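The structure appears right after this line, and notes come after that.
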Amino acid sequence: MMRPAPIARPYPSSLARRSRRVAGTLAAGSILAALAVSAPALAQDIKIAHISDQTGPLEAYAKQTQTGLMLGLEYATGGTMMIGNRKIVVLQRDSQTKPDVGKSQLAAAFGDDKVDIAVGPTSSGTALAMLPVAEEYKKILLVEPAVADSITGDKWNRYIFRTSRNSTQDAVSNAVAVGKPNTYVATLAQDYAFGKDFVAAFKEALAGTGAQIVHEEYAPVRATDFTASTERIFNALKDKPGRKVLFVNWAGADPLPKLIAADPKRFDIEIATGGNILPAMASYKQLPGMEGAAYYYFGIPKNPVNNWLVAEHYKQFKSPPDFFTAGGMSAGIAIVEAIKKAGGTDTEKLIAAMEGMSFETPKGKMTFRKEDHQAMQSMYHFKIKADPAFEWGVPELVREIKPEEMKIPVRNKR
């Protein structure tokens, strides 16, 4: 008897079941991939690290820079804090006025936080320690407000840009104010890069003006007792036959009250200095007629950016913007303009965009010089007026010293 042929089962074999499961998974994956392509890509935040000396003798400078940076980003983005569809995020880090801390903070920002660009620091000594980190990570460090010439000079690398003025810009502009025939100058400066770079540039700038430096006095960064320093300065100047000037270049706690109390007038010695933050300029009120040159004073520049800054600062803080607020704002504007011009945050594209780039700031137009990435900018020759309406000596503009007048040398070796 023949057996009937086996009846085909309505259920698939295990192999068929596996094949169908794989096919279903691939189909589902294709649908998800298609959805991902059709949906707009999630934009990554633009991450900026602001590393500044928020504790230590330069705390006030750092806080002003921080305020200015945020205002600059706000101004340049029209209040959106967005560039295209990317949100700007600012990470604040305290370098504590310690070079080793600044160096490690920058490494952490680039390495751990994956920031696109960094801004800072306040101290020139801290800045010099941070420069090699930018080169190691191949990311831009926009220096603001550290001043030493060596930052964009012999210690510079191609990842360093600076919106702050340098020591030579300070020196050349102050030489315009102080450099007159038959003038003898003694300098008092801090014993580190900020002070030494300034004095070297000041001596160079005074050459040919008829003025000469006859004594250089350097004191510790945190010095509070200037008795020995003033004695040496007075001895160097008192017997000179012409005009005698003590020029002070100082960052942090204001030494002028103690220098004034030492009574240089008894030897016919004048005190001169550059601009400073408003609290430090309270002592300027005792020196009416004193001439110098300033990086910024809120009442001097006349342009739309400064008008906005002054109005907004009064609105938010009930006070005028100060010396380093303007610098921080300039840095914020420069970052936004650079990213727009580069079309993103790729470092090489940013460098190409920023070299030679001009941008508007509270001081008017700045331009990053291609050779060393130093921002070329105006400085302001002033004369102090004691105005009872202000708690500080008011620097009245004598004249704006434009960048093309100053002929700032390129000092890097690369």
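The residues of the range 323-380 that are over 30 Å from Gly292 (Cα atoms) and of a type in the set (Gly, Ala, Ser), listed by number, are Ala338, Ala342, Gly343, Gly344, Ala352, Ala353. The sole residue among Thr65, Thr25, Thr55 that is β-branched (Val, Ile, Thr) and at pLDDT 95 or above is Thr65.
Against the numbered list (1) within 15 Å of Gly299 (Cβ to Cβ); (2) in contact (Cβ under 8 Å) with a residue 12 or more places away in the chain; (3) outside any strand (DSSP E or B), Ala389 comes up short only at (2). Restricting the range 141-176 to residues that are surrounded by fewer than 23 Cβ atoms within 10 Å (Cβ to Cβ) and small (Gly, Ala, Ser) leaves a set whose member that is farthest from Thr67 (Cα to Cα) is Gly153. Within the range 217-238, the set of residues being touching a helix residue (DSSP H, G or I) at 6+ places or on another chain (Cβ under 9 Å), farther than 16 Å from Ala272 by Cα and of a type in the set (Asp, Glu) comprises just one member, Asp225. What about Ala193, is it without any contact (Cβ under 8 Å) to a residue 40 or more places away in the chain and within 24 Å of Asn276 (Cα to Cα)? The answer is no for Ala193.
Based on what the data block shows, is Phe202 under 16 Å from Glu291 (Cβ atoms), assigned by TED's automatic domain parsing to the domain that holds Val394 and out of contact with any Gly (no Cβ under 9 Å at 6 or more places or on another chain)? Against the criterion (under 16 Å from Glu291 (Cβ atoms), assigned by TED's automatic domain parsing to the domain that holds Val394 and out of contact with any Gly (no Cβ under 9 Å at 6 or more places or on another chain)), Phe202 qualifies. Meeting the requirement of 2 or more residues that are among the basic types (Lys, Arg) and at pLDDT 95 or above, the helices (runs of 4 or more DSSP H) wholly within the range 161-278 are 193-206. Tally time: how many residues in the range 359-376 are farther than 16 Å from Asn157 by Cβ and either aliphatic (A, V, I, L, M) or surrounded by 23 or more Cβ atoms within 10 Å (Cβ to Cβ) (or both)? The total comes to 6. Is there any pair with a first residue in the range 202-223 that is at positive phi and touching a residue at least 12 places away in the same chain (Cβ under 8 Å) and a second that is of a type outside the set (Gly, Ala, Ser) and buried (at least 18 other Cβ atoms within 10 Å of the Cβ) whose Cβ atoms are under 9 Å apart and which are 6 or more apart or on different chains, and what are they? Every condition considered, the pairs that remain are Gly210/Thr183. Contact map, the range 86-103: first residue within 20 Å of Pro132 (Cβ to Cβ), second residue part of a strand (DSSP E or B), Cβ cut-off under 8 Å, separation 6 or more or different chains; pairs are Arg93/Ala49; Arg93/His50; Arg93/Ile51; Arg93/Ser52; Ser95/Ile51; Ser95/Ser52; Val101/Asp94; Gly102/Ile51.
Any chance you could count how many residues in the range 326-358 are over 23 Å from Val115 (Cα atoms) and crowded, with 18+ Cβ neighbours inside 10 Å? Of the residues in the range 326-358, 1 are over 23 Å from Val115 (Cα atoms) and crowded, with 18+ Cβ neighbours inside 10 Å.
Here's the yes/no breakdown for (1) of a type in the set (A, V, I, L, M, F, W, C); (2) more than 19 Å from Asn166 (Cα to Cα):
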site: Met329; (1), (2): yes, no
site: Gly344; (1), (2): no, yes
site: Gln374; (1), (2): no, no
site: Phe390; (1), (2): yes, yes
site: Leu397; (1), (2): yes, yes
site: Lys407; (1), (2): no, no
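Regarding Phe324, is this residue in contact with a Pro (Cβ under 9 Å, 6 or more places away or on another chain), assigned by TED's automatic domain parsing to the domain that holds Thr77 and not aliphatic (A, V, I, L, M)? Against the criterion (in contact with a Pro (Cβ under 9 Å, 6 or more places away or on another chain), assigned by TED's automatic domain parsing to the domain that holds Thr77 and not aliphatic (A, V, I, L, M)), Phe324 qualifies. Among the conditions (1) surrounded by fewer than 23 Cβ atoms within 10 Å (Cβ to Cβ); (2) of a type in the set (Asp, Glu); (3) out of contact with any His (no Cβ under 8 Å at 6 or more places or on another chain), the only one that Asp322 does not satisfy is (1).
The values are calculated or read from the model by the stated rules, or taken from the named source; none is laboratory data. Being a predicted model, the structure only gives us computed values, none of them experimental. Don't worry about glycine lacking a Cβ; one is built from the backbone with ideal geometry, like all the others, and counts go over all protein chains shown.
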